[in-house]
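Enquirer: Below is a structure I'd like to ask you about.
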Amino acid sequence: MAFDAVIPPGGGIAAAGAQELAHASPGRRVRTVFVSDIHLGTPGCQALALLDFLKHHPCEQLYLVGDIVDGWQLRKRWFWPQPHNDVVQKLLRAARKGCRVIYVPGNHDEFARQFDGQSFGGIEVAREAVHTMADGRRLWVVHGDDFDAVVQCAKWLAYVGDNLYELMLRLNRHLNRLRGRLGLPYWSLSAYLKHKVKKALNYVTDFEQAVAGEARRRGYQGVVCGHIHRAEMRSIGGVLYCNDGDWVESRSALVEHLDGTLELVHWAPTHEVPPARSSRTLQEAS
């Protein structure tokens, strides 16, 4: 079942039901929002759900943690419907209205890394960033592809994997259209397969430990990343590891509330039936 991990300022990790978040009051201002892996330019991008989430979570700071635009897929064929353009306009409008927007490019939008330190339309581009929380803790913000051995050592294999992933998403869209007609909730085929395949789980675990280890080595109290499309928030070796997930399948984001509470939100747009409610601690989830 879907659930949302919550970390109070200086406290432990608990979980809150996604149902109450799916119908949050419009305009609920938060301190910071982290989103990644939107993959604008692909049919799998759930732009309308993201727009709905951003509408309900106006913020003071917005971190775009990589793979916002999918340059890999756009090079093969152009796909840019109106909702994708609306997302870009929403981000630019947020920057104009005083929200600090920091764009940390990933491997799918690595073309933007050459603009490190520059600003476009009020959106700051940075190879990596450091976010200071309300309680003073410092979080290292990085996409995470530098810790992916496949991307670093065999990029051709990463391209092959990306094509297979797109095929899986296409099958998943057809499957979920059928499930929708039957009144069933959204279900992720790739997430199911990742949980079933041991090597995939080992890859995820190795990635998480490598990112957390580097954050600890650099002296940060936590890290926020994306890349592997698996939303997670837990302590690894005394470092807070946060992966804000993606907007292709999990429709998830990391939110810092005004009081410094961190929350991992799995978003159900207001026009959909929210997922089943769950409430448990991280210890129970592990």
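The values are calculated or read from the model by the stated rules, or taken from the named source; none is laboratory data. Please read all numbers here as calculations on a predicted model, not as lab measurements. Using ideal geometry, Cβ is built from the backbone for each residue, glycine included, and neighbour counts are taken over all protein chains shown.
Enquirer: Can you confirm whether H56 is more than 22 Å from V142 (Cα to Cα) and in contact (Cβ under 8 Å) with a residue 12 or more places away in the chain?
Expert: Yes: the conditions hold for H56.
Enquirer: How do the strands (runs of 3 or more DSSP E) wholly within the range 208-264 filter down when requiring 2 or more residues that are touching a Ser or Thr at 6+ places or on another chain (Cβ under 9 Å): which remain?
Expert: Passing ranges, in order: 222-225, 239-243, 252-256.
Enquirer: If only one of A18, A47 is among the small types (G, A, S), crowded, with 19+ Cβ neighbours inside 10 Å and at pLDDT below 95, which one is it?
Expert: Checking each option against the conditions leaves just A18.
Enquirer: Oh, and also: Among the numbered criteria (1) free of Cβ contacts under 8 Å to residues at least 60 places away in the same chain; (2) crowded, with 19+ Cβ neighbours inside 10 Å; (3) over 26 Å from R218 (Cα atoms), which single criterion is violated by W72?
Expert: Failing condition for W72: (1).
Enquirer: Right, another one. Would you mind finding the one in V224, V248, V239, V255 that is in contact with a helix residue (DSSP H, G or I) (Cβ under 6 Å, 6 or more places away or on another chain) and either modelled with pLDDT of 95 or more or surrounded by 20 or more Cβ atoms within 10 Å (Cβ to Cβ) (or both)?
Expert: Matching residue, one of V224, V248, V239, V255: V239.
Enquirer: Out of V141, V130, V125, V151, which single residue is within 20 Å of I68 (Cα to Cα), modelled with pLDDT of 95 or more, surrounded by 12 or more Cβ atoms within 10 Å (Cβ to Cβ) and touching a helix residue (DSSP H, G or I) at 6+ places or on another chain (Cβ under 7 Å)?
Expert: Matching residue, one of V141, V130, V125, V151: V125.
Enquirer: In addition: Can you confirm whether the range 49-64 contains a residue that is in contact with a helix residue (DSSP H, G or I) (Cβ under 7 Å, 6 or more places away or on another chain) and either small (G, A, S) or closer than 23 Å to M133 by Cβ (or both)?
Expert: The answer is yes, given that some residue of the range 49-64 is in contact with a helix residue (DSSP H, G or I) (Cβ under 7 Å, 6 or more places away or on another chain) and either small (G, A, S) or closer than 23 Å to M133 by Cβ (or both).
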